[in-house]
Each structure stands twice: as C-alpha cells, then as structure tokens.
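Enquirer: The following block contains the structure, expressed as structure tokens.
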C-alpha cells in the first residue's frame, strides 16, 4: 500500500468497472478505505450490533456483578424506595418468602448430602462400626462444627448444631437474596 492515495488511478478503475465517474462521496470513502478506515451505513452498523448482541453470553461474574451492584450506595436508595413504593414492598415480601423457602431447602439438602458423603467416606475407609469421629484433627473439627458432635454416634446430621450462628447466617442470606431478587438488574437484559 502506497502512502498517498492516487485519485486518478481510482477514478479510472472505478469508471472502467461501473461505467460512470465516481462521486465526491465515493472518492472520499475510497481515500479513507485506502488508509484502513471504513465508514458504515446506519443499517450496516445496526446489523453488526445485532450480530454482536445475538452472540454475547454474559459470564457468571457479570451476572454476579449486575445482581450485587445495588449493595453499594444504592442499598439505602433501595431501602427508601421500598418504604415509599407499595409495589416494591409487595415484591420484597414475596421474594422474602421465596428466598426463605429456597435457603431452608438448600440448608437441609446440603447438610444431608454433606453427611451422606462423609458417611460413605468413613464407611469405605474406616468401616461402619464407629464410636467417634475417626478423621484427623483439622477435618474432625470441621465435620463436628458443620454436622454436630453426635454425627458419628447416631449417623444423623444435626441441622442446627450452633442455633444462634445458624439463625444469623440463614437470616442474612434470606434478606440478601430477597433484595437481590427484588432489585437485580439481570432481569432487564432478558
């Protein structure tokens, strides 16, 4: 590619191809294309944007960033908005119910599955006749903390081994999920 654009050579080539001389806009566009710059029509730009939007899939990180974006200074605005708007207050109420059900289901299922997996591991490694927690010290403390100290004696996980801590964790997660469900920006992109 030469440094300068040759108008005469382009005009002769254009006239030989199209049977007419180029217009001033066509000469200007050819000059810019010579230097690697191409101007799109609005239709071409719109088609390109639609192609990009159709192929774009947000990542999990982008979903989380959008869902948790209100936790900054927008949290107090959301709280004020909830108190002032009956629609959002109603949405928050139903989202509290849904998130409470979801958190409790996940709490019980995860404790049961964790106990089930620990039970299988101990049965395979140590046999099924266990008097106490056979795991090494760091794992023993974690399992006793999560499933309760009597887990290996009666093979039933204690779903609330630390009632106060568990209640705080469950309560905070329920409120957080309800606020996220009420004010999430992820719904706007669908």
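Enquirer: Only one residue in 5, 81 is surrounded by 12 or more Cβ atoms within 10 Å (Cβ to Cβ), modelled with pLDDT under 80, touching a helix residue (DSSP H, G or I) at 6+ places or on another chain (Cβ under 8 Å) and over 30 Å from residue 177 (Cα atoms). Which one? Spell out the reasoning first.
Expert: Values: 81 fails: over 30 Å from residue 177 (Cα atoms).
Selected residue: 5, the only one of 5, 81 that is surrounded by 12 or more Cβ atoms within 10 Å (Cβ to Cβ), modelled with pLDDT under 80, touching a helix residue (DSSP H, G or I) at 6+ places or on another chain (Cβ under 8 Å) and over 30 Å from residue 177 (Cα atoms).
Enquirer: Looking only at region 159-176, decide whether some residue is part of a loop (DSSP other than H, G, I, E, B) and modelled with pLDDT under 70. Step through it out loud before you land on a result.
Expert: Step one: list which residues in region 159-176 are part of a loop (DSSP other than H, G, I, E, B), which gives 159-162.
Within this subset, residues satisfying the condition of being modelled with pLDDT under 70 are none.
No: region 159-176 contains no residue that is part of a loop (DSSP other than H, G, I, E, B) and modelled with pLDDT under 70.
Enquirer: Now a separate question. Assess whether residue 108 counts as being free of Cβ contacts under 8 Å to residues at least 40 places away in the same chain and either over 27 Å from residue 143 (Cβ atoms) or in the same structural domain as residue 180 (by TED's automatic domain parsing) (or both).
Expert: Numbers: free of Cβ contacts under 8 Å to residues at least 40 places away in the same chain: no; either over 27 Å from residue 143 (Cβ atoms) or in the same structural domain as residue 180 (by TED's automatic domain parsing) (or both): yes.
For residue 108, the condition - free of Cβ contacts under 8 Å to residues at least 40 places away in the same chain and either over 27 Å from residue 143 (Cβ atoms) or in the same structural domain as residue 180 (by TED's automatic domain parsing) (or both) - is not met.
Enquirer: As an exercise: evaluate residue 134 against (1) out of contact with any helix residue (DSSP H, G or I) (no Cβ under 7 Å at 6 or more places or on another chain); (2) over 23 Å from residue 65 (Cα atoms); (3) modelled with pLDDT under 80 and give the number of the one condition it does not meet.
Expert: Status for residue 134: all satisfied but (1).
Enquirer: Would you check if residue 74 is at pLDDT below 80 and loosely packed, with under 12 Cβ neighbours inside 10 Å? Walk me through it before giving the result.
Expert: On the way: at pLDDT below 80: yes; loosely packed, with under 12 Cβ neighbours inside 10 Å: no.
For residue 74, the condition - at pLDDT below 80 and loosely packed, with under 12 Cβ neighbours inside 10 Å - is not met.
The values are calculated or read from the model by the stated rules, or taken from the named source; none is laboratory data. Computed from a predicted structure; not experimentally measured. Please note: Cβ atoms are built from the backbone with ideal geometry, for glycine as well, and neighbour counts cover all protein chains shown.
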